[in-house]
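Colleague: Pasting a structure here, questions to come.
The values are calculated or read from the model by the stated rules, or taken from the named source; none is laboratory data. Bear in mind that the values here come from a model prediction, so they are computed numbers and not experimental data. Cβ coordinates were reconstructed from backbone atoms using ideal geometry, including for glycine residues, and neighbour counts include every protein chain displayed.
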Amino acid sequence: MKNFYLPLLCCLATINSLAQRNFVPGAVAVPQRDSLKGFIDFRNWTSTPNEIRFKSTENGEITTYTPNQISGFALHSDGDVVYVTKHVLLDVTPYIVSSTQSVTQPQTELLDSIVFIQQLVTGAYNLYTYTDRHQRIHFMYNAPGGDIQELKYIKTMVPSPDGGKIYEKKEYQEQLTSLFKDEGKIARQARSVDYRDEDLIALFVAYQHAKAPGTEVLVKTKKKQPIYFGIVAGPAFNSYNWKGGEQYMLHGKYSSSVNPIAGVFVDIPLGGATRQWSMYNELLYKTYSTHASMDMNALLAGDIATFKFSYLQLNVMAQYIYPKGVVKPFVHIGMGNAIIVKTTTNDYFDASRPEHREAFAGPRKLEQLLVGGIGVRADRFQLEVRGSTSTGWIDIMSASMPVNSLQIIAGVRF
């Protein structure tokens, strides 16, 4: 076990170091100075950063900036993404609260601070967005030079005879209807506009065109829904249980094993304001190793069957992550398929002869699994306890040897 954990820790440390080097072309706006061009450490933020790391050249010294030190920054990869520094007063209460709470008496959490906010539209009115630490997405606006005003949207759970229902208060629709009241058509659209970036951007652009036809409206790129990549590794505690087929010479009590499991993952959020649901897929490399004495059959006393296989496994799972807090619990459930990529040992020792021969001809090449796990995530790091059960490699009509596995998996996302 010690020999396994040391390379695991070294592997995670290396990946962490590489993840910290994700610098993309960008610029930093420093008050009373020209913009500084260089590279900004972009990490596919799930919430708006409260600081950024910048260097003027690829090999330059890294400087950390907070919203109090700069007036904004821009990322130039995959289209321009612009953040500006503003003072905001936001209701950052998580969308879904306890079903026992009254919607008229929420436990309000306010953010009253200078922060980075992403600029979406520049025109007669500017549109911005901010994602808080609960991964709740906010939209704001202001007139050029004016104070930031939040477009207010509340989503909560309220008691009902059926056990609770979702309540939405779309105050932002009233705000926008009043804001655009001098343009009747735009104001009518505002009464039913959805709380989504593309819909709000279209509304603000339409208003600008109505007020000043022909003028250019600066629409900044809204970053696409992020896709996260990462690496996972950990120990797998495997047990092998022969079932049925007592007449077969392989019938025995097989040893458990501890084997490494490692690979890569891709996490694809499915949208929504808090990105609670996602498709979580993994490609893993794993091994099984076990042996058994055939002492359960007196005629085979002293015989030993030994197996060791290496697999490449693809897991397709649904992931739910609880959006509140810095340390976020999550759940995985799904299915996996694994193929044998290497047979190290498939041996049967016949003590009566004595001789070695192939233990099982034609082991099942494709293994199918049910997979589920629970874990926690903090920033880019995650830790999960996972269980799986599989069909194993024995492919006999009246016998089987399913493999049950308990895994402790650590991961780092890029």
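Colleague: Of all residues in the range 377-414, how many are among the aromatic types (Phe, Trp, Tyr) and either under 16 Å from ASN315 (Cα atoms) or over 25 Å from the mean Cα position of the chain (by Cα) (or both)?
Modeller: Residues meeting the conditions: 1.
Colleague: With the requirement that a residue be more than 23 Å from VAL385 (Cα to Cα) and among the hydroxyl-bearing types (Ser, Thr, Tyr), what does the range 286-326 give you?
Modeller: SER293, THR306
Colleague: Right, next: I'd like to check something: does the range 59-67 contain any residue that is surrounded by 16 or more Cβ atoms within 10 Å (Cβ to Cβ) and assigned to a loop (DSSP other than H, G, I, E, B)?
Modeller: Step one: of the range 59-67, the residues surrounded by 16 or more Cβ atoms within 10 Å (Cβ to Cβ) are 65, 67.
Still in the list and also assigned to a loop (DSSP other than H, G, I, E, B): 67.
Within the range 59-67 (the criterion being surrounded by 16 or more Cβ atoms within 10 Å (Cβ to Cβ) and assigned to a loop (DSSP other than H, G, I, E, B)), the answer is yes, since at least one residue qualifies.
Colleague: Search the range 161-181 for residues that are under 25 Å from PRO94 (Cβ atoms) and at pLDDT below 80 and pair each with any residue that is surrounded by 18 or more Cβ atoms within 10 Å (Cβ to Cβ) and not aliphatic (A, V, I, L, M) when their beta-carbon atoms are under 7 Å apart and the residues are at least 6 apart or on different chains.
Modeller: ILE166/LYS155; TYR167/THR156
Colleague: For the range 349-369, give me the residue count where each residue is surrounded by 13 or more Cβ atoms within 10 Å (Cβ to Cβ) and among the aliphatic types (A, V, I, L, M).
Modeller: Within the range 349-369, residues that are surrounded by 13 or more Cβ atoms within 10 Å (Cβ to Cβ) and among the aliphatic types (A, V, I, L, M) number 3.
Colleague: Looking at the range 320-338 only, could you name the residues that are assigned to a strand (DSSP E or B) and hydroxyl-bearing (Ser, Thr, Tyr)?
Modeller: Step one: of the range 320-338, the residues assigned to a strand (DSSP E or B) are 320-321, 327-338.
Passing the criteria: only TYR320.
Colleague: It is to be established whether one or more residues within the range 304-319 are buried (at least 21 other Cβ atoms within 10 Å of the Cβ) and either in the same structural domain as GLU198 (by TED's automatic domain parsing) or not in a strand (DSSP E or B) (or both).
Modeller: No: the range 304-319 contains no residue that is buried (at least 21 other Cβ atoms within 10 Å of the Cβ) and either in the same structural domain as GLU198 (by TED's automatic domain parsing) or not in a strand (DSSP E or B) (or both).
Colleague: Further question on the same structure: Of the residues that make up the range 387-394, is at least one surrounded by fewer than 20 Cβ atoms within 10 Å (Cβ to Cβ), of a type outside the set (S, T, N, Q) and part of a loop (DSSP other than H, G, I, E, B)?
Modeller: no
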